[in-house]
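The values are calculated or read from the model by the stated rules, or taken from the named source; none is laboratory data. Quantities reported herein were computed from a predicted structural model and do not represent experimental measurements. Note that we place each Cβ from the backbone using ideal geometry, even for glycine, and neighbour counts take in every protein chain shown. Quick note on the areas: whole protein, heavy atoms, side chains included, nothing else; ligands and nucleic acids left out. Shrake-Rupley method; radii C 1.70, N 1.55, O 1.52, S 1.80 Å.
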Amino acid sequence: QVQLVESGGGLVQTGGSLRLSCAASGRIFDQYSVGWFRQAPGKEREFVAGISRSGDNTIYAASVKGRFTISRDNAKSIGYLQMDSLKPEDTAVYYCAADPSTIATIPGQYDFWGQGTQVTVSS
């Protein structure tokens, strides 16, 4: 198993930036692909970005492409989500997830989840 802890959330104004971190412990981090998801009140959890085990491949939701950047540091067992040009509609609880298979965009395909970190973008 792998344990995940997110950090870096907070309150930011429209157009601002935040960097979320996902610290992993337990099994070897580079054996897992990593996904970032978000869930706003009253809405379903949605895919934001994903990165392969090596970090060579990334995918993004259309709503964040060009504004968010996913990355990972396998030596430190940390995943990152750099969020720039934030908009009020980005407000949500952000979760990182890990799975030993390839990148997935569906929450049910991930076995391990963090507790989430709140991101609030004020207008």
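Before moving on, here are some points about what is shown:
- The residue of region 64-123 that is farthest from Val5 (Cα to Cα), among those that are part of a helix (DSSP H, G or I) and without any contact (Cβ under 8 Å) to a residue 60 or more places away in the chain, is Glu89.
- Among residues of region 21-54, those that are hydroxyl-bearing (Ser, Thr, Tyr) and under 14 Å from the mean Cα position of the chain (by Cα), counted: 4
- Residue satisfying all of: in region 1-12; under 14 Å from the mean Cα position of the chain (by Cα) and more than 21 Å from Pro88 (Cα to Cα); least open to solvent (accessible area, probe 1.4 Å) among these: Leu4
- Counting only residues that are in contact with a strand residue (DSSP E or B) (Cβ under 6 Å, 6 or more places away or on another chain) and either polar (S, T, N, Q) or open to solvent by 10 Å² or more (accessible area, probe 1.4 Å) (or both), region 18-31 holds 8 of them.
- In this structure, Tyr80 does satisfy being modelled with pLDDT of 95 or more, open to solvent by 20 Å² or more (accessible area, probe 1.4 Å) and among the aromatic types (Phe, Trp, Tyr).
- Yes/no for Gly15 being crowded, with 21+ Cβ neighbours inside 10 Å and either at pLDDT 95 or above or in a strand (DSSP E or B) (or both): no
Yes/no matrix, rows are residues, columns are (1) of a type in the set (Gly, Ala, Ser); (2) open to solvent by 30 Å² or more (accessible area, probe 1.4 Å); (3) modelled with pLDDT of 95 or more; (4) within 18 Å of Gly16 (Cβ to Cβ):
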| residue | (1), (2), (3), (4) |
| --- | --- |
| Val34 | no, no, yes, no |
| Lys43 | no, yes, yes, no |
| Val48 | no, no, yes, yes |
| Ile59 | no, yes, yes, no |
| Ala62 | yes, yes, yes, no |
| Lys65 | no, yes, yes, no |
| Ser71 | yes, yes, yes, no |
| Asp84 | no, yes, yes, yes |
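- Counting residues in region 96-112 that are within 13 Å of Gly9 (Cα to Cα), buried (at least 19 other Cβ atoms within 10 Å of the Cβ) and not basic (Lys, Arg) gives one or more.
- Of all residues in region 89-110, those being aromatic (Phe, Trp, Tyr) and out of contact with any Leu (no Cβ under 9 Å at 6 or more places or on another chain) number 1.
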